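The values are calculated or read from the model by the stated rules, or taken from the named source; none is laboratory data. Predicted, not measured: the structure shown is a model, and the values here were computed from it. A quick note on method: Cβ atoms are made from the backbone with ideal geometry, for glycine too, and the neighbour counts reach across all protein chains shown. The accessibility values were calculated without ligands, DNA or RNA, using every heavy atom of the protein model including side chains. Shrake-Rupley method; radii C 1.70, N 1.55, O 1.52, S 1.80 Å.
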Amino acid sequence: MQIDLSLGSEAVERSLKDLHSQLLFPKNTALYRSAARYPVARRPVLMNLHRHLAVFKLRKSNPRLPHEQIADRVGLHAAQQASGISKSYMERLGYSTKDIDVELRRAKRKAIQHDLRCAQHLIEGVGKGQFPVRTSG
């Protein structure tokens, strides 16, 4: 028996549980074998993985597209408020929403940059045979 300790504690624990279940219930082991190419290091949030992929693909196909437009195309909406004041409230009062618009653009840029970094880390991890790993190094 060999256990790869570089996979992390969750993967090692899962391997031990699998081995234990194989010893106790040898007939049921064939039902739980994974066909995954890479061992899954932890439970990914599928919605986040999908967003990271969508942002990465859009950036790759349109390298000059501004981050705000990428956010709009993938459906990433920042909160429609800044400093606790909503944009619609300011519009109803007849005030300028210029400051709120600046904050919204900044929030969208920050979110897209985060998604691009996460996608890059995931891709690097897959290159090393690890998924989903978001830490670089």
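Numbers at a glance
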| read-out | value |
| --- | --- |
| Cα-based Rg and Dmax for segment 84-123, where Dmax is the largest Cα-Cα distance (Å) | 14.8, 47 |
| Net length gained if the chain between residue 91 and residue 117 were fully extended (0.36 nm per residue, minus Cα distance) | 5.9 nm |
| Per-residue SASA entry for residue 88, accessible area with 1.4 Å probe, Å² rounded to 10 | 60 |
| 5 angstrom amide H check on residue 8, placed H, neighbours 5+ away | none |
| Efficiency of FRET from Cβ geometry, residue 48 and residue 4, R₀ 25 Å, rounded to 0.05 | 0.45 |
| Theoretical gain in end-to-end length, residue 60 to residue 12 [0.36 nm per residue, Cα-Cα removed] | 13.7 nm |
| Solvent exposure, largest accessible area first (probe 1.4 Å, DNA, RNA and ligands not counted), of 9, 86 | 9, 86 |
